[in-house]
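Take a look at the structure set out below.
The values are calculated or read from the model by the stated rules, or taken from the named source; none is laboratory data. Predicted model, so just to flag it, every value in this text is computed and none were measured. Virtual Cβ from ideal backbone geometry, glycine too; neighbours counted across all protein chains shown.
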Amino acid sequence: MSSDGEFDFEVMKAQGEAAGVPELYLLIMTPLPVTGSAPAVPSALEVHYAYMHRLVADGKVLAIGPCMGEPSIAGHAPVPPGFGILSVGSREEAEQIARDEPFHAMGWRHNTVMAWTPKFGSLIEVLRDAARPEE
């Protein structure tokens with residue numbers, strides 16, 4: 001926006017180009033219909049949490065968690081959808097994380113990876129700093 005509150009395309013474009021956030025990856029986790037017997041939820045959740053803990057400790061996850069406000073679907077896995085922001089070196093690494101995610105590996109979720117380059121918003125500085133902790 002310009003100083004008078006009007007939208008200024010060139011100014012906003014320059015701000016987006018100067019954001020400095022490296023490419024991140026969105027991990028979108030969608031529950032699937034369950035076929036056959038499912039493992040016990042508490043033990044499956046423990047395995048899932050251990051996997052997520054390892055990714056966070058390795059600096060590969062900026063944020064991740066369930067979408068608890070989403071309604072469950074009868075006949076689908078007993079886990080909610082989830083969403084995460086990954087800071088990894090390549091799309092291949094992000095896709096491997098998606099494949100190895102325990103609920104996906106159990107057949108409870110379909111995981112999708114999308115490349116994301118944030119350019120605008122109040123979290124730009126936070127994302128830039130979090131994605132480059134060594135600088």
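Residues in segment 86-135 that are exposed (fewer than 12 other Cβ atoms within 10 Å of the Cβ) and within 17 Å of D58 (Cβ to Cβ): G89, S90, E92, R99, P133, E134.
When segment 21-34 is examined, which residues are found to be modelled with pLDDT of 85 or more, in a loop (DSSP other than H, G, I, E, B) and more than 16 Å from E93 (Cβ to Cβ)? Once the filter is applied, which keeps residues that are modelled with pLDDT of 85 or more, in a loop (DSSP other than H, G, I, E, B) and more than 16 Å from E93 (Cβ to Cβ), segment 21-34 yields V21, L32.
Taken together, the residues in segment 35-80 that are exposed (fewer than 10 other Cβ atoms within 10 Å of the Cβ), modelled with pLDDT under 70 and among the polar types (S, T, N, Q) amount to 1.
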